[in-house]
């Protein structure tokens, strides 16, 4: 009451000129009160008086049976597919209430718009999702496994966005030795699907990465709409390099998420999926190295024990003893063979001497020693034993004990003569 009384007193004590404000001030106060007093809201109505100036902005009225409000949809807010609104369309417009101060027009500054009822974007999204699912593009058995440790990671995204910084930061923290290649592409707007497909094709052609991260940061359905493109989905499905989709936040799902080999909840999450943690790997390697060392030590001890056992066996049944025994037996055999050979030679020599003496006793040569001679035909050398076979004048030879005589037969006589 005191405040109201004070205000009344102030009005009574001031002149109209002193209390008056300008139209601009009034409109500015009204604009401030509207913008602060009414939060961003969805408004449903029918489009009328639609205007499309060269600036690209859209100006229209939203009306129902009892009222209407002016609306402005500025070009920089127009994202997603180019839905051709027209007068008479029932739409849902999201935005903030304001006043255009220059004319005092009460208006709705639209930030997002879609057909009333089930949104056209959602209908298009659901239709494409069902179509590709029916074709098997979302099937798990066609998805490729990620490499355990990639030789190089490729990132397909805007080179100036926050997503690429988040991905690179996590990759450097987790496994800094893995190199990274960025394939730049727009991630929203009408040109984005084509640039994203071109980046995938470039990665395939260069064939330098064994895993790709495709993504961007969060946003509205219009901001993420490029990743609901059918041609892009098919390019992802046909890519021979495994692709990790990291579009938006964890609650955002795009067609690219379903068709990719792996879906990550965020770009940072994608980086954690494609490379292992270096510290975990080092710990694992150290554990394996210790295990290998223990197994090697045990194997060495077992082999040393086996060697000791074999050495003991070798000492008790050494082949040297057998060799020495064999050498001794061989020497004995040699001596026996030598003795037997000498004995056999001696016996043979004795028998030979006896045979030679027996042979000499019956040899004609022995008879010659006693003064006899052997008479032979001088021409044939045949021994003559019958005088009747020789005629006078025949040439003969007589073999004596020492030397030989040549003679001519003068006469022949028989035993009877």
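Residue-by-condition table, conditions (1) at pLDDT below 95; (2) within 22 Å of residue 147 (Cβ to Cβ); (3) touching a strand residue (DSSP E or B) at 6+ places or on another chain (Cβ under 7 Å); (4) crowded, with 20+ Cβ neighbours inside 10 Å:
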residue: 243; (1), (2), (3), (4): no, yes, yes, yes
residue: 253; (1), (2), (3), (4): yes, no, no, no
residue: 259; (1), (2), (3), (4): no, yes, no, yes
residue: 266; (1), (2), (3), (4): yes, yes, yes, yes
residue: 278; (1), (2), (3), (4): yes, yes, no, no
residue: 289; (1), (2), (3), (4): yes, no, no, no
*Within region 365-373, is even one residue surrounded by 11 or more Cβ atoms within 10 Å (Cβ to Cβ), in a strand (DSSP E or B), on the phi < 0 side of the Ramachandran plot and modelled with pLDDT of 75 or more?*
no
_Considering only region 227-240, I want to know if a residue exists there that is closer than 23 Å to residue 265 by Cβ, assigned by TED's automatic domain parsing to the domain that holds residue 178 and assigned to a loop (DSSP other than H, G, I, E, B)._
yes
*For residue 221, indicate whether it is touching a helix residue (DSSP H, G or I) at 6+ places or on another chain (Cβ under 9 Å) and assigned to a helix (DSSP H, G or I).*
no
*Could you list all residues from region 53-76 that are loosely packed, with under 13 Cβ neighbours inside 10 Å and either out of contact with any helix residue (DSSP H, G or I) (no Cβ under 6 Å at 6 or more places or on another chain) or modelled with pLDDT of 90 or more (or both)?*
53, 54, 55, 64, 65, 66, 67, 75, 76
*Kindly establish whether residue 234 is at pLDDT 95 or above and farther than 17 Å from residue 155 by Cα.*
yes
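The values are calculated or read from the model by the stated rules, or taken from the named source; none is laboratory data. Only a predicted model underlies this, so the values are computations on that prediction, with no experimental measurement involved. Cβ atoms come from the backbone with ideal geometry, glycine included; neighbour counts cover every protein chain shown.
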